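Asks: Dropping the structure in here first, questions after.
Just so it is clear, none of the values below were taken in a lab; they were calculated from the coordinates. No experiment lies behind these values; they were computed from the predicted model shown. As a convention, Cβ positions derive from the backbone with ideal geometry for all residues, glycine included, and neighbour counts pool all protein chains shown.
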Amino acid sequence: MKIALIKPVIGARNGVAYRTPAVLEPLIAGLIATLTPASVEFAFIDERLEKICFDNQYDLVAVTVETFTALRSYQIAHEFRRRGVKVLLGGFHPTLLPDEASQYADSIAIGTVEAIWPQVIKDLQSGQLKPRYNSRDVVSQPAAVDRRIFTGKGYLPLSLVETGRGCRFNCDFCSVHSFYGDHVVHRPIAQVVTELRSLDRKQVFFADDNIVSEPEHALNLFRAIKPLGLKWASQASITSAADPAFLDEMAASGCQAVIIGLESLRSGNLRVMNKSWSLNVGEVAKLLAAYRQRGIMVYATFVFGYPEDTPEVISETVDFTINEKLFMANFNMLYPFPGTPVYEHLAAAGRLLHRHWWLSSDFRWDFPAFVPEHMTPQELADSVKNARKRFSAISSIFRRGLEFSANLADPLKALLFLSTNLVSRTDISRKNGLRPGLPGYSIAEETA
């Protein structure tokens, strides 16, 4: 029996498939490879790096689907199904929109894969593949992955490791909480340490949704990995900077950088997005300084399109990020992901430009899918484009680089700072005009 797992490309710009200049190992692929019996021939195809041969014969093609890759996933499914190959769709998007996804596949997987995949294999072997597999009520612990499938594909020299899933915060734009609910689960720390010891490199990205979501567990993790001599980064809430002793342990364990979802500098916006808890943590500038003082670089993310956002507010936010000499910043338009509170709110208010924007040929990555309250869609698009341009300008990179406690604290951090900023500068220009799906492909006729 032969199974292929595919990770699709997002879409195309000017008719050419988008290829990011920096690709990370997709953990889900390694996890599924671990769960697949040795008696099953398993192929992994990462379309971000290689082309799909649709004429290859498989007993099942499984596609991991995100909202941004939904249209391309449905195109891939159609190509294989019209050749008589069964297709299973799984991931965030089918879990949040199972009725939509089921129109394009023979089977869909709802929820986390660990509780589903063994049964999928058994049913496939017996010729009784079910239309739906549902583990929505089971949030499984992440596990170690089979990294052999990543060999030779050209991923960045950075090992991804998952220690936990879920986040206790419920921001209205985030699909993580919509997927996992209130559950936060962690792998046993000893198991994580064993996996880390088995890696052939010390550079690690912990792919947790929020590695400090449960502080006591995080402290135990930091103390356990400290002897390993890792250089690591992860996503974390800004709460991690509020306790100096906690932050000291985090830095001592080898933390080099954190991705912090600041989202907005406006208190009104934070309240609307259900993130008012961050207003009680402390002054943002002082918290950012606490990271830098310990040599931790900060990659901040922002979301624009909320009620208090205007072109002036967006420009002021860029000023803040440059003045704070952030390692990196990501300026996003609000993307209303299905299954999130903000999507339901915008849909009910009639403010969505495309109700199913992820399937629309008119949707572009650099243009909003909704009408903001105090800007036109074009003003939001122009303001975000200008923000990205200003932050990634050579003058900005130079100015932010003159920060010697974190960004240029040592040769490794200097290399990381320069390479990340230059790659991001290139990637932004490549994404302008990006549309979902690839030209020349169709989806199932009954739902096109």
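Asks: Dividing the convex hull volume of the alpha carbon atoms of segment 211-292 by its residue count, what do you get in Å³ per residue?
Replies: Looking at segment 211-292, the number lands at 83 Å³ per residue.
Asks: How high is the FRET efficiency from LYS51 to GLN125, r the C-beta distance, R0 30 Å, rounded to 0.05?
Replies: Calculated transfer efficiency: 0.55.
Asks: If you average the C-alpha positions of segment 408-448 and of segment 181-253 separately, how far apart do those two centres end up, in angstrom?
Replies: Result: 27 Å between the Cα centres.
Asks: At a Förster distance of 25 Å, what's the computed FRET efficiency of LYS153 paired with ASN332, Cβ-Cβ distance as r, to 0.05? Write down the numbers at each step before the final one.
Replies: On the way: r = 27 Å, r/R0 = 1.10.
Efficiency, from the Cβ-Cβ distance: 0.35.
Asks: Two decimals, Cα atoms only, Kirkwood Rh: what is Rg/Rh over segment 157-409?
Replies: Working: Rg = 18.9 Å, Rh = 19.3 Å.
Using Cα coordinates only, the ratio equals 0.98.
Asks: I'd like to know how segment 233-344 sits against the 2.2 N^0.38 Å rule of thumb: what's its Cα Rg over that expected value?
Replies: 1.09
Asks: Using the Karplus curve 6.51 cos²θ - 1.76 cosθ + 1.60 with θ = phi - 60°, work out ³J(HN,Hα) for each residue of segment 16-33 in order, rounded to whole Hz, and write x for Gly and Pro.
Replies: Taking θ as phi minus 60°, the curve returns 10, 4, 6, 10, 6, x, 9, 10, 9, 4, x, 4, 4, 5, x, 5, 5, 4 Hz for segment 16-33.
Asks: Given axes a ≥ b ≥ c from the Cα gyration tensor, I'd like to know whether the chain is rounded (a/c under 1.5), prolate (a/b larger than b/c) or oblate.
Replies: Numbers: a/c = 1.66, a/b = 1.24, b/c = 1.33.
Note, shape of the chain comes out oblate.
Asks: Further question: Identify unpaired cysteines across the chain, taking unpaired to mean no other cysteine Cβ lies under 4.7 Å from the residue's Cβ.
Replies: CYS53, CYS167, CYS255
Asks: Using a Gaussian network model of the chain with C-alpha springs under 10 Å, which one of ALA348, ALA290, ALA242 is most mobile by mean-square fluctuation?
Replies: ALA348
Asks: Between ARG430 and SER39, 0.36 nm times their residue separation minus their Cα-Cα distance comes to what?
Replies: In short, 136.6 nm is gained.
Asks: Suppose the chain between ASP319 and ALA414 were pulled fully straight at 0.36 nm per residue; how much longer would it get relative to their current alpha carbon spacing?
Replies: Taking ASP319 through ALA414 to full extension adds about 32.0 nm, to one decimal.
Asks: For a quick check of your reading of the filter: which chymotrypsin sites (Phe, Trp or Tyr not before Pro) in segment 1-84 sit in a DSSP loop and have no more than 16 other Cβ atoms within 10 Å?
Replies: PHE54
Asks: Report the calculated FRET efficiency for ARG132 and PHE404 (r = Cβ-Cβ distance, R0 = 56 Å), to the nearest 0.05. Present the calculation step by step, with values, prior to reporting the outcome.
Replies: Values: r = 55 Å, r/R0 = 0.99.
Result of the calculation: an efficiency of 0.50.
Asks: Enter the Cα centre distance for the pair segment 287-344 and segment 1-59, rounded to the nearest angstrom.
Replies: So the two Cα centres are separated by 32 Å.
Asks: Hey, another quick one. Kirkwood hydrodynamic radius of segment 2-140 from all distinct Cα pairs, in Å?
Replies: 15.2
Asks: Points 7 angstrom from Cα along the Cβ direction at ASN280 and GLN103: gap in nanometres?
Replies: Output for this residue pair reads 4.4 nm.
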